[in-house]
1. If every alpha-carbon in the chain counts as one equal scatterer, what log10 I(q)/I(0) does Debye give at q = 0.08, 0.10, 0.13 1/Å?
2. Find out how many positive minus negative residues lie around Val111, taking Lys and Arg as positive, Asp and Glu as negative, among other residues whose Cβ is under 13 Å from that of Val111.
3. Taking 8 Å as the Cα distance limit and 6 or more residues as the minimum spacing, I'd like the relative contact order of the chain as a percentage.
4. May I ask for the net charge around Trp125, where only other residues with Cβ less than 13 Å from the Cβ of Trp125 are counted and Lys, Arg are +1 while Asp, Glu are -1?
5. Considering amide H positions built from the backbone, and no H for Pro or chain starts, which residues 5 or more places from Glu82, or on another chain, come under 5 Å of its amide H?
6. All other residues with a Cβ under 13 Å from the Cβ of Arg94 taken together, and with Lys, Arg as +1 and Asp, Glu as -1, what is their net charge?
7. Using a 1.4 angstrom probe, figure out how much accessible area region 126-239 has per residue, in square angstrom, rounded to the nearest whole.
8. Of all accessible surface on the chain at a 1.4 Å probe, what whole percent is carbon and sulfur?
Amino acid sequence: RASFTWPVPTGLRAGGYTLKSAALPGEVTLVDNEASFFVSLATRQVRVLYMEGSQSRHPYDGGMAHACEFLPTAFAESGDIECDLFTLPYQDARGEPLQYCRGVDASHEPVRDPARTLPQRAEDWAAYDVVIVSDIDKETFTPEQMEWVRDLTLQRGAGFCMIGGNLSFDTGRYDQTVWEKLIPVDCTAFGFGHGWRPIRPIFPASVRSHPILRLDDDAAVRDAMLDCHPLCKGYHDVRRLKPGAV
């Protein structure tokens, strides 16, 4: 009888596994050489890796909040989402390394820690359940990092979200990259780019029950809220949806 340690990857919230042992000479039966089991993480915290390139300021709570504040604040208020925030050092910094951000100070200025870099190993990326990239050019990431995120999404069931900005989608040069395969639009090499003209979003009936847009359990109230949605102050003029996307 022998014992051994088997590390199980925990990037998933839960998953099924099968353990098999090789047959030994003279074994009477091989039925007990295989066992299947299910592993679920003990913590209910969702781990998010959020990377923000925008340096803009927006009115908020009597001041001018930094663009990187809003999502981490909402995540913290939810009570069950942990967020690691990385930001670019300045606006439109193509190819510059991202810096870890511990939060913002009293003047809403990001408190950066340049010594902490993006995860450098596949297993470190596997610790996250969601990856969000906003207003950051593809040159910021190594081919390996992009592959790890692709594998994290397609093989481990994590979520991936790209948010618009000067350096997103086509203007971020994501055409024909592995990350383009994870989003519902085609980033044409010479697209129509990012525009600043205010535009009112239109929500088709087929998407109004999606969890992201389910602002109220009452469908009538939800429809009323979506119908009076404020103008978006910028957009990407991406004119090619992938088959099946709505």
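The values are calculated or read from the model by the stated rules, or taken from the named source; none is laboratory data. No experiment lies behind these values; they were computed from the predicted model shown. Positions of Cβ are backbone-derived with ideal geometry, glycine not excepted, and every protein chain shown enters the neighbour counts. Note: accessible area is taken over every heavy atom of the protein model, side chains too, but ligands, DNA and RNA are not part of it. Shrake-Rupley method; radii C 1.70, N 1.55, O 1.52, S 1.80 Å.
1. Taking Cα atoms of the chain as identical point scatterers yields -0.41, -0.61, -0.96.
2. Neighbourhood net charge equals -1.
3. After rounding, I find 15 percent.
4. Residues near Trp125 contribute -3 overall.
5. The list, which skips near neighbours in sequence, is Val46, Arg47, Val48.
6. Net charge around Arg94: -3.
7. Per residue, region 126-239 has 55 Å² of solvent-accessible surface.
8. Carbon plus sulfur share of accessible area: 56 percent.
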